[in-house]
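Data first, discussion second: the structure below is written as C-alpha cells.
Since every read-out is calculated from the coordinates, none of them should be taken as a lab result. Keep in mind it's a predicted model, so treat the numbers as computed, not measured. Note that each Cβ is placed from the backbone with ideal geometry, even for glycine, and that neighbours are counted across all protein chains shown.
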C-alpha cells in the first residue's frame, strides 16, 4: 500500500512522498487524527537546527505528538475504531537498566525517522496506548509532551531527597504549565511555585500555590527542589538563578532543550552538593502511568483544555503550512492539526 | 452495506492480447493492483472488495491477492464485463446474488491502476454519497480543454474554470445506478464510457470530491516512471 507521507523537504517546504506499507500479521495500521505541533518541530520547520543536522535528517515527516484511530489490527489487541495515543519512541533493543527513551539505538519519530504527519502509521501494538473514552481529542493530541513531564517528575521523585515542601518550576510556557499541573497531582503535599517572565501567562497558572516574575523574586524565598522548563538561549541564566535560590543537596530537573552549550555555575553546584538530572522524551510506562493519573484526577484534562490553542483542519500541504505559520505567532498553547476525513 | 469495486479491465478489447495488463506491473516490489486493493482492505467500512478482472486473468489475480494479502477473505475476484459500465453491472449483480441489494447499498468504484488513492478520498466518497446520493473524484483542469467535433479543427474552447479532470473513485447507490443503466437504450449504453454520466443523463446530481494531483492512473510506461519517482525508501515501523 502506498502511504502518503508529508515530509519537510527543507525549511518551510513540505512535500508529498509515498512509502510502501506491507500488510502483515504483526503490525497495526492507525489513521492519525489529531496532531500537535511541538517546538522541536518548529526548529526543523524554521531551519533553526544546525545546517548539518538539517542536511542529515531532512526530508522527514514531522510531528511526534498525536493520536489516531485503529483501522486495521491483525493482532487482535485493539478493536477497530479504538482511539489511541501513539508513542514516538521506537526502541530497537531491550535493556533491564536503561529506559527505552535513553537507549542510544532507539529511534524517535519526527527526529531521524518519519513522524506522524502521514496518511497511516504502521506500528506494533506496544507503541499504542488506548485513550480513555470521551477524552477531549485536542488535549489528547499533546499527550506525548505531558508524558515527558510525567517521566521527568517520576525520575525526580526517585532520585531527590525527602524534603519536598516547596518545589519551584521555572518557565511560564507549555512545559512549565504541564509540569506544575502534574506536580500538584503527583506531589499533592508540596507547595508549587512558578517563576516566569510574563505576568499574563503566569495568571493562567491558577492551580499552583504562588507565581513570581523572575526579576521580582523575594530574597527570603527557599526552594527545596526545582524544575527548569525554559530551554533555548536563556537556559544558562535560568539554571544559574535556580542554583542561587535552591537549598543545598537539592535536585534540579532540567527539561528545556538548548541548541548551544550552557555555561553554568559549577562551583556552587559543588558547594551546595546539588544533583542535576536531565530528562528527555518518555517511554510506554510513562504513557500508561499518565493515563492512570488522568483517570484519578479528571480535572487535569479540564486544566489542559485551557492551553489548546489554534485548531487547524488539514487536508493537504497548504493547510499544514498554514498550521505551522499560525503556531509561530502563538503566545501560549498548543496548536493542534485535525485531519479532515 | 458498502462494497469496493476494483475495476481491473473488461474482457473485450484485450482478448487475444498476451501482454500482461498494466495492473500487474510491479511498483515497489508488488503488483500495482495489490497496492490499490490494500487501501480498500484496511478500510473497515467495506463489507467486501470485489475485484472485476478479465476472465483469463482471474486465477492470476487470485494468486497474487493470496500471496500479498493476509486477510484475502475480504476480497472477491470475479469476471468483468465487455465495457466499463458492464463491469460495474457485473459487480452489482454479484452483490444482488450474494448479499442484499437495497436502497442503502453503496458501491465505491475505483480503477485498479490508481494505487495512490488516499484515505481521505475514499472516506469523502462514502460520506458524500450518503449525503448527496452520488459523487465523482476530480481535480481542477490545469490544461486548457479544446473541443474538436471532427478531429480537424477546434469547435469550442470551454471555460477552463468550469473544467475538471475525472479521477476515481466514483461512488453510487448501486440499486439506483442499476435502475438508471437498465433504462438506457442500447445506443446510449454504447456511447457511455463513464458511470457518472448514467446519472447526469437522467438528471441525478453527482457531487464533486477533491481528488489529488498524484492520484494518477498508471496507463503508460511514463506514468510508471512518475509513480516510481513519487516513492521514497521504506520506513521504520
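Quick notes on this structure:
- FRET efficiency estimate (nearest 0.05) - Cβ-Cβ, residue A:293 to residue B:223, R0 45 angstrom: 0.30
- Placing one equal scatterer on every Cα of region A:129-216 and applying the Debye formula, the log10 ratio I(q)/I(0) at q = 0.21, 0.26 Å⁻¹ is -1.05, -1.31.
- Rg and Dmax of the protein assembly as shown, Cα atoms only, in Å: 28.5, 97
- In whole percents, the pair-distance distribution calculated for chain B from its alpha-carbon pairs, binned every 10 Å from zero, is 7, 30, 38, 20, 4, 0.
- All Cα-Cα distances of chain A, cut into 20 Å bins from zero to the largest, leave 30, 58, 11, 0 percent in each bin in turn.
- Over all projection directions, the Cα-based convex hull of region B:115-237 averages an area of 10.9 nm².
- Under the simplified labelling scheme, the residue A:313-residue A:75 pair shows an inter-label distance of 3.3 nm, with each label point 7 Å from Cα along Cα→Cβ.
- The value of relative contact order for region A:147-278, using C-alpha pairs under 8 Å at least six residues apart, is 24 percent.
- GNM flexibility winner over chain B from B:189, B:162, B:39 (Cα, springs under 10 Å): B:162
- Note on region B:159-218: Kirkwood radius taken over Cα pairs, Stokes-Einstein applied at 37 °C and 0.692 mPa s, translational D equal to 249 µm² s⁻¹.
- Shown for region A:147-278 is the translational diffusion coefficient from the Stokes-Einstein equation, using the Kirkwood radius over Cα pairs, a temperature of 25 °C and a viscosity of 0.890 mPa s: 170 µm²/s.
- Were the residues from residue A:268 through residue A:206 laid out at 0.36 nm apart, the gain over their Cα-Cα distance would be 19.0 nm.
- Residue B:185 versus residue A:331: modelled label distance in nm, points set 7 Å from Cα along the beta carbon direction: 7.1 nm
- Among B:186, B:47, B:123: highest mean-square fluctuation, GNM of chain B, C-alpha pairs under 10 Å: B:186
- Mean-position separation - Cα centroids, region A:199-249 and region A:287-304, in angstrom: 25 Å
- Value of [θ]222 nm, deg cm²/dmol, for the protein assembly as shown, DSSP H segments ≥ 4, -39500 (n - 2.57) each, nearest 500: -9000 deg cm²/dmol
- Whole-Å distance, taken between Cα centres, linking region A:125-175 and region B:141-173: 56 Å
- Fluctuation leader among B:165, B:23, B:130 - chain B, Gaussian network, Cα springs under 10 angstrom: B:165
- For chain A, share of DSSP beta bridges that run antiparallel, in % to the nearest 5: 55 percent
- Simple label model, 7 Å out from Cα along Cβ direction - residue B:93 to residue A:260, nm: 7.7 nm
- Extended-chain gain in nm, criterion 0.36 nm per residue less alpha-carbon gap, residue A:51 and residue A:219: 56.2 nm
- Potential lengthening of the chain between residue B:47 and residue B:132 amounts to 28.5 nm, from the contour at 0.36 nm per residue minus the alpha-carbon distance.
- Across peptide B:65-73, the average count of Cβ atoms from other chains found within 10 Å of a residue's Cβ is 2.
- C-alpha long axis of helix A:284-296 to longest principal axis of chain A, angle in °: 70 degrees
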